[in-house]
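Bear in mind that the values in this text are calculations on the coordinates, not laboratory data. Predicted model only: the values in this text are computed from it and were never measured. Ideal geometry is used to build each Cβ from the backbone, glycine not excepted, and the neighbour counts take in all protein chains shown.
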Amino acid sequence: MIETKGIVHFTLSVSDLDLSEAFYRDILGFRVVQKIPSVGMVFLASGDDYVILTRSKTPIDPNPGNEIFVHHAFRVDVAAYDDAIAHLRKNGVEILFEEDRRDGLFIGRQAYFHDPDRNVLEIIALEEVAAGYGTDDVPEDLSPFSADRKG
């Protein structure tokens, strides 16, 4: 078995590199580390973590409608969560779903929204990483989102 030590980066497909770079930089506060326009890549940093935006040659549609299951989550300080939501809304970003999760694995307030290519992103005011559900404790009809979510 390989023993990995963490995630170095993940790549997000985008259709318009400049538009997406501006969104991740200006709306989410990522720092541009490097650009490689000839291959359509922008390397960004969020804290100590990295994301690469890569121009896609195929259509991007990871979730039908306002589905949010396929998403990428980014941590914000608990005290900064309300300001982060206000900043998103001020910049015309629609919040698809928001909750204050008290069960499962990742505990804290969280909100889901689209980037310019409909990739679903989450910000979470992560309070703790909990035990989650034991394999024998997971209800058959469990949704990772609140019971009142209509999706």
Margin query: I need the full set of residues from the range 96-120 which are loosely packed, with under 13 Cβ neighbours inside 10 Å and either among the aromatic types (Phe, Trp, Tyr) or without any contact (Cβ under 8 Å) to a residue 24 or more places away in the chain (or both), in order please.
Written below: Asp100, Arg102
Notebook entry, point to check: If we keep just the residues of the range 90-106 that are among the basic types (Lys, Arg) and over 21 Å from Arg25 (Cα atoms), which is nearest to the chain's Cα centre (by Cα)?
Noted result: Arg101
Item checked: Check on Arg55, basic (Lys, Arg) and under 20 Å from Ala125 (Cα atoms) -> no
Item checked: Checklist (1) out of contact with any Lys or Arg (no Cβ under 9 Å at 6 or more places or on another chain); (2) within 21 Å of Glu21 (Cα to Cα) applied to Ile60, failing item -> (1)
Note to self: Go through the range 24-60 and report how many residues are in contact (Cβ under 8 Å) with a residue 40 or more places away in the chain and in contact with a strand residue (DSSP E or B) (Cβ under 9 Å, 6 or more places away or on another chain).
What the structure shows: 12
Item checked: strands (runs of 3 or more DSSP E) fully within the range 1-89 counting 3 or more residues that are within 16 Å of the chain's Cα centre (by Cα) and surrounded by 12 or more Cβ atoms within 10 Å (Cβ to Cβ) -> 9-14, 41-46, 49-55, 71-75
Margin query: What's the total number of residues in the range 72-95 that are without any contact (Cβ under 8 Å) to a residue 40 or more places away in the chain and among the β-branched types (Val, Ile, Thr)?
Written below: 2
